[in-house]
Amino acid sequence: MNSIFENSAFFGVVISLCAYGAGVALQKRFACDWLNPLLISVLLTILFLRVWRIDYQTYSNGAELLGWLLTPATVCLAIPLYEKFGLLRRYWKAIGAGILAGVLTGAASVAVCAMFFHLGHEQYVTLLPKSITTGIGIGLAEELGGSVAITVAAIILTGIFGNIFAQQVCRVFKISDPIARGVAIGTSSHAIGTAKAMEMGPVEGAISSLSLVVAGLLTVAGASLLSRWI
Amino acid sequence: MKHVKEFGVILAVSFCGEILHLLLPLPVPASIYGLVLMLICLFTKIIKVENVRTTGYFLIEIMPMMFIPAAVGLLETWPALHRMWLPFCIIVCFSTLAVMVIAGRVTQMVARLHNGEDA
């Protein structure tokens with residue numbers, strides 16, 4: 001049975017898409033934000049792999065195709081950004097202030113938590129890039145001497161958290177302005193959160209795309225400048 | 001044919017992003033170079049937005065699915081993580097929440113200050 005999976009080029013994609021479809025169907029059926037399709041599809045896929053004792057490598061042989069699309073999809077985030085550029089021109093001060101405040105909050109909150117849990121310098125620099133997009137985060141963790149595998153885990157978990165809770169957080173903390181929502185999501189939970197912002201609205205999506213790029217670059221610039229002290 | 005052409009343009013920009021990533025010694029991934037390049041091309045009208053729009057929005061729409069393999073891959077990092085998983089999860093959730101709230105509230109505050117009367 002397993003050899004069928006091992007030799008298949010499509011198995012990984014098919015199981016991922018079916019799991020995602022199930023997630024979307026569940027969310028529609030129960031009309032509940034907490035049933036996030038991304039979360040459900042990940043859990044279902046893990047469950048499936050566990051039950052059939054399929055190792056991750058076998059799964060990723062095919063599923064890698066989905067990851068391959070990530071670069072062109074990220075490039076396409078320029079399109080809504082281009083179409084909503086007038087907003088950016090008009091609100092650049094607010095957007096810039098929000099992103100800067102978010103990046104500083106990110107560094108400070110990780111530092112405070114690291115102190116609280118008595119984590120060392122290595123763990124601190126491992127978790128520092130958690131709010132920025134994977135490609136930039138990996139580079140930064142490497143440069144600062146962190147553990148890259150854990151950085152990737154932190155980045156993905158951050159994204160999923162943002163994707164699941166973005167709407168609730170905006171509601172509870174009364175972030176009602178679409179531009180502010182975009183900055184909040186893009187700065188805190190990069191591309192995975194931005195996928196959710198896109199569902200919330202075109203303005204949210206465009207500003208979130210912008211924020212993920214700016215926050216990523218700001219974090220790299222800041223961390224490289226301050227790397228002697230952190 | 002329209003979609004093939006659009007997808008071709010998007011992949012070409014992605015490829016240029018890859019080249020920049022190889023040439024420049026910065027920790028910036030190809031996708032971010034590509035995004036900036038695409039934006040420049042759209043503004044300078046080297047690429048017309050109608051020529052990438054349909055496929056572009058399709059790719060953005062299916063973007064959440066593209067994260068499934070990486071998220072399932074978290075299974076693989078479990079051995080490295082299991083000793084510190086609780087502080088790890090608390091830090092990730094707390095910090096993400098803090099960044100989201102602060103970034104959103106600051107933007108909203110400055111935007112309203114900027115707009116004047118409507119609070």
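Nothing in this text is a laboratory measurement; each read-out follows from the coordinates by a stated rule. Bear in mind the structure is a predicted one, so any value in this text is a computation, not a measurement. Cβ coordinates were reconstructed from backbone atoms using ideal geometry, including for glycine residues, and neighbour counts include every protein chain displayed.
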Query raised in the report: To one decimal place, what Kirkwood hydrodynamic radius in Å is obtained for chain B from all pairs of distinct Cα atoms?
Result: 18.4
Query raised in the report: Picking from A:Ala97, A:Leu65, A:Thr45, whose Cα lies most toward the positive end of the charge dipole for segment A:1-158 (charges on Cβ: Lys, Arg +1; Asp, Glu -1)?
Result: A:Ala97
Report summary line: Note to self: C-alpha centroids of segment A:121-170 and segment A:43-67 sit apart, in Å, by 23
Report summary line: Across B:54-63, the residue-averaged tally of Cβ atoms belonging to other chains within 10 Å stands at 6
Query - Inter-chain shielding of A:17-28 (mean C-beta neighbours from other protein chains, 10 Å cut-off) - result: 1
Query raised in the report: Taking a label point 7 Å from the Cα of A:Phe173 along the Cα→Cβ vector, which residues of segment A:111-151 have an amide N closer than 12 Å to it?
Result: none
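Return the Rg/Rh ratio of segment A:1-124 with Cα-based radii and a Kirkwood Rh. Write out the running numbers ahead of the final one.
On the way: Rg = 20.7 Å, Rh = 18.6 Å.
Reported Rg/Rh, Kirkwood definition of Rh: 1.11.
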Requested in this report: Would you mind giving the mean number of other chain beta-carbons within 10 Å of the Cβ of each residue in A:177-184, as a whole number?
Outcome: 6
Report summary line: Quick note on B:Glu50, A:Glu64, ordering by fewest other C-beta atoms within 10 Å, gives B:Glu50, A:Glu64
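Tell me the volume per residue, in Å³, of the convex hull enclosing the alpha carbons of segment A:124-213. Numbers along the way, then the final one.
Values: hull volume 6.7 nm³, N = 90.
Spread over its residues, the Cα hull of segment A:124-213 gives 74 Å³ apiece.
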Query - Shape category assigned to chain A from the gyration tensor of Cα positions, a/c cut at 1.5 - result: oblate
Query raised in the report: In whole angstrom, how long is each semi-axis of the equivalent ellipsoid of segment B:1-66, when you take the square root of 5 times every eigenvalue of its Cα gyration tensor and sort them from largest down?
Result: 21, 15, 10
Report task. List the relative contact order of segment B:1-66 as a percent without decimals, with contacts defined as Cα pairs under 8 Å and 6+ residues apart. Result -> 38
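Pull out a ≥ b ≥ c, the square roots of the eigenvalues of the alpha-carbon gyration tensor of segment A:2-68, then state rounded if a/c is under 1.5, prolate if not and a/b is larger than b/c, and oblate in the remaining case. Each step should come with its number before you reach the end.
On the way: a/c = 2.75, a/b = 2.04, b/c = 1.35.
The shape class here is prolate.
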Report task. Could you rank the peptides A:183-190, B:19-26 by their average count of other C-beta atoms within 10 Å per residue, with the highest value first? Result -> A:183-190, B:19-26
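Round to the nearest 0.05 the FRET efficiency obtained for A:Leu65 and B:Leu113 when R0 = 56 Å and r is the Cβ-Cβ distance. If you can, show how the numbers build up before the last one.
On the way: r = 47 Å, r/R0 = 0.84.
Between A:Leu65 and B:Leu113 the formula returns 0.75.
Could you list, in their original order, any pairs among A:Lys84/B:Lys48; A:Lys84/A:Lys174; A:Lys84/B:Lys5; A:Lys84/B:Lys45; A:Lys28/A:Lys196; B:Lys5/B:Lys48 whose Cα atoms are separated by more than 19 Å?
A:Lys84/A:Lys174; A:Lys84/B:Lys5
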Report task. In whole Hz, with x marking every Gly and Pro, tabulate ³J(HN,Hα) for segment A:203-208 from phi via Karplus 6.51 cos²θ - 1.76 cosθ + 1.60, θ = phi - 60°. Result -> 5, 3, x, 5, 5, 5
Query raised in the report: From largest to smallest, what semi-axes in whole angstrom does segment B:74-119 give when each is the square root of 5 times an eigenvalue of its alpha carbon gyration tensor?
Result: 39, 9, 5
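So, by mean Cβ neighbours within 10 angstrom, what's the order for A:149-160, A:208-219, A:126-137, A:103-114 with the highest one leading?
Values: A:149-160: 24.7, A:208-219: 26.7, A:126-137: 28.4, A:103-114: 20.4.
Listed from highest to lowest mean packing, they are A:126-137, A:208-219, A:149-160, A:103-114.
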